[in-house]
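Beneath this line is the structure, given in structure tokens, with notes to follow.
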Amino acid sequence: MKPKTPIPGVVYHPEEVVARYRADGVLTDETLGRTLHEAALRHADRVAVIGPPDTRWTYRELDEMSDRFGAAMLGLGLEPLDPVMFQLGNVPDFIVALYGCFKAGLIPVCTLAAHREEEIGYIARTVSAKAHIVQGDLNFDLVAFGRKMAGQIDGMDHLIVARGTSGPDLHSIESLIESVSAADARARIEALEIDPYNVAVYQLSGGTTGLPKVIPRFHAEYVLNIRSWAEASELDETTVSLWPLPAVHNAAMIAFNTPAHFVGGAAVITQDHDPESFLGNIERERVTLTGGALPVMVRCIDAGIIGNYDLSSVTCFITLGETPTLEREFKVPGYHIFGMAEGLCMRTLPGDPREVRDTCIGRPIHPHDEVKLVKIGTDEEVEPGEVGEFLARGPYTIRGYFDAEEHNAKTFTADGYYRSGDLMKANVVDGVTYYSFEGRAKDNIDRGAEKISAEEVERYVLRHPAIRECMVIGMPDRMMGERICAYVIAEDGQTVPTVKELSDFIVEQGCGRFKSPERIEVVDNFPVTRVGKTSKGLLREDITRKLEAEQAKANRAAV
């Protein structure tokens with residue numbers, strides 16, 4: 001199936017591949033907006049969105065608000081396939097805006113509230129964004145930031161604010177909803193012909209070679225991805241989900257909020273995720289499906305208050321690692337997830353053997369997912385039991401990043417497999433193949449579930465006049481999994497900045513603060529291997545030894 005209006009720069013699945021998936025009944029002509037609307041009709045009086053303390057929207061209310069928002073966006077002059085930048089936290093307004101864009105055929109661009117001028121400018125120009133939605137009540141003034149970016153980016157003419165008031169140059173989500181009646185909005189949405197095989201949403205990669213890559217996801221395959229997760233996870237109308245990481249992430253849309261809304265369940269949307277709020281929301285809302293990255297777990301454990309809350313409603317706690325610790329401390333069923341915004345998802349399931357749930361990330365959730373492990377940088381498959389680079393292909397795994405021909409040539413095989421850069425091993429248990437994560441081949445840092453390009457951080461650090469050379473690595477951290485450490489060589493006669501000074505300097509360059517180094521090691525030279533190549537592996541060994549020595553010293557001092 002060829003898209004009716006191809007977008008320049010978007011890599012579509014080959015027509016013959018889509019035709020095969022359609023013939024097999026794998027892909028259907030469903031769109032996200034239509035699927036969500038039909039779910040709302042089936043579950044009209046059930047609660048769809050819970051926003052502590054007092055937001056409780058039914059499916060009927062969510063459906064109407066998102067209809068009216070989507071129609072109002074079109075009323076501003078936007079057209080289907082126009083990209084819309086999203087910079088919102090975990091607030092109920094996000095769901096209204098997201099689903100409204102799906103219905104109107106507008107393309108949400110999934111940036112973070114923490115992104116700043118360089119990331120937003122680059123991404124908005126890359127996709128030719130036409131509008132920018134920001135949150136008005138965060139610590140950082142995103143409204144002022146949005147106004148600044150509107151003045152810098154040609155064509156991004158519409159600024160919309162959630163949780164804020166309208167002005168001469170911006171619209172509030174509330175005012176847009178109020179500008180069109182429910183009946184007129186539904187009629188306008190129904191009149192649209194949204195192409196199920198064109199772009200529904202632009203997700204972002206963590207990136208390993210600089211700024212994030214744009215990931216085009218399409219209506220029909222995204223519906224399949226979400227529905228496959230819901231079915232594999234046995235979600236139904238009793239599901240109450242709570243995802244404490246950004247709602248704009250692919251994980252939230254694929255595994256938590258949107259699948260809950262496909263089946264008539266409820267999604268708890270809140271940006272308060274301190275241990276008391278997180279555990280309190282689980283108890284109060286009787287959450288069944290939740291999860292989080294390592295920082296969420298560690299903060300709760302360190303607070304020492306888990307036993308004060310009734311978590312018995314939780315039937316599935318999704319984690320990115322440490323399942324045995326999770327189950328011991330939280331006393332709820334824990335399961336691993338592996339997913340990537342590029343498509344393929346894996347998870348462990350309740351019926352999997354204990355050893356699998358403890359040590360593996362699971363297996364693909366759809367029978368048409370294709371996986372193979374190869375020697376790094378080649379197409380040669382590894383021997384059974386060997387570690388190899390994880391390659392994926394399937395109906396909802398992309399065939400290329402947006403407008404990145406040179407990068408795509410290196411990242412996708414000639415027959416359409418995506419080279420993930422993750423190292424894995426296939427483990428056969430009771431005749432079933434499960435995968436275990438064994439590290440990364442790509443040069444990125446996994447900081448609290450945000451994948452950060454080491455090369456991008458190096459680029460910012462090297463702009464500092466006191467730094468001549470820099471190598472950035474991930475250093476192990478109990479709370480975040482990894483934190484960012486910069487090994488630097490100073491310019492002659494210069495004093496290397498402190499961590500705070502360097503962080504402030506990087507932010508001044510237009511980069512989000514969350515990408516700043518959290519430790520600086522000053523060296524005269526970088527270590528090299530026996531063949532004379534500089535080695536980040538040796539730097540990781542060095543920082544690990546230093547951290548262990550510092551911890552041992554702290555332990556002795558505490559005795």
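Report, as a whole number in µm² per second, the diffusion coefficient that Stokes-Einstein gives for the stretch 436-524 at 37 °C and 0.692 mPa s using the Kirkwood radius over alpha carbon pairs.
The diffusion coefficient I find is 247 µm²/s.
Taking a ≥ b ≥ c as the square roots of the Cα gyration tensor eigenvalues, with a/c under 1.5 meaning rounded and otherwise prolate when a/b beats b/c, else oblate, which class fits the stretch 1-121?
Oblate, since a/c reaches 1.5 and b/c is not below a/b.
Note the full-extension length gain between Arg60 and Ala191 as 0.36 nm times their separation in residues minus their Cα-Cα distance, in nm to one decimal.
Length gained between Arg60 and Ala191: 45.2 nm.
State the extension gain, in nm to one decimal, for the chain segment bounded by Asp24 and Asn555, taking 0.36 nm per residue of separation less the distance between their alpha-carbons.
Length gained, Asp24 through Asn555: 185.1 nm.
Ignoring ligands, DNA and RNA, what percent of the 1.4 Å accessible area of the stretch 448-559 is carbon and sulfur?
Roughly 51 percent, rounded to a whole number.
Hey, with R₀ at 51 Å, roughly what FRET efficiency would Glu355 and Leu462 work out to, going by the Cβ-Cβ distance, to 0.05?
0.65
Please list 3J(HN,Hα) in residue order for the stretch 12-25, calculated via the Karplus relation 6.51 cos²θ - 1.76 cosθ + 1.60 where θ = phi - 60°; whole Hz, with x for glycine and proline.
Along the stretch 12-25, the couplings run 9, 5, x, 4, 5, 5, 4, 4, 5, 5, 5, 5, 7, x Hz.
Treating only the Cβ of Lys, Arg, Asp and Glu as charged (+1, +1, -1, -1), what charge dipole size does the chain show about its Cα centre? Round to the nearest 20 debye.
Taking the Cα centre of the chain as origin, the dipole is about 500 debye.
With the crude spin-label approximation of a point 7 Å out along Cα→Cβ, what separation in nm comes out for Ser312 versus Glu491?
A separation of 6.5 nm, rounded to one decimal place.
At most 14 other Cβ atoms within 10 Å and a DSSP loop assignment: could you name the GluC sites (Glu not before Pro) in the stretch 314-423 that fit?
Within the stretch 314-423, the qualifying GluC sites (Glu not before Pro) (loop, at most 14 other Cβ atoms within 10 Å) are Glu380, Glu386.
Rounded to the nearest 20 debye, what is the charge dipole size of the stretch 383-522 about its Cα centre when +1 sits on each Lys and Arg Cβ and -1 on each Asp and Glu Cβ?
The dipole of the stretch 383-522 has a size of about 300 debye.
Pull out the extension gain between Glu548 and Ala414, defined as 0.36 nm times the separation in residues minus the alpha carbon to alpha carbon distance; nm, one decimal.
43.8 nm is the gain from fully extending Glu548 to Ala414.
The values are calculated or read from the model by the stated rules, or taken from the named source; none is laboratory data. These numbers were taken from a predicted model, which means no experiment stands behind them. Note that we place each Cβ from the backbone using ideal geometry, even for glycine, and neighbour counts take in every protein chain shown. For the accessible areas, the whole protein counts, side chains as well, though only heavy atoms, and no ligand, DNA or RNA atoms are used. Shrake-Rupley method; radii C 1.70, N 1.55, O 1.52, S 1.80 Å.
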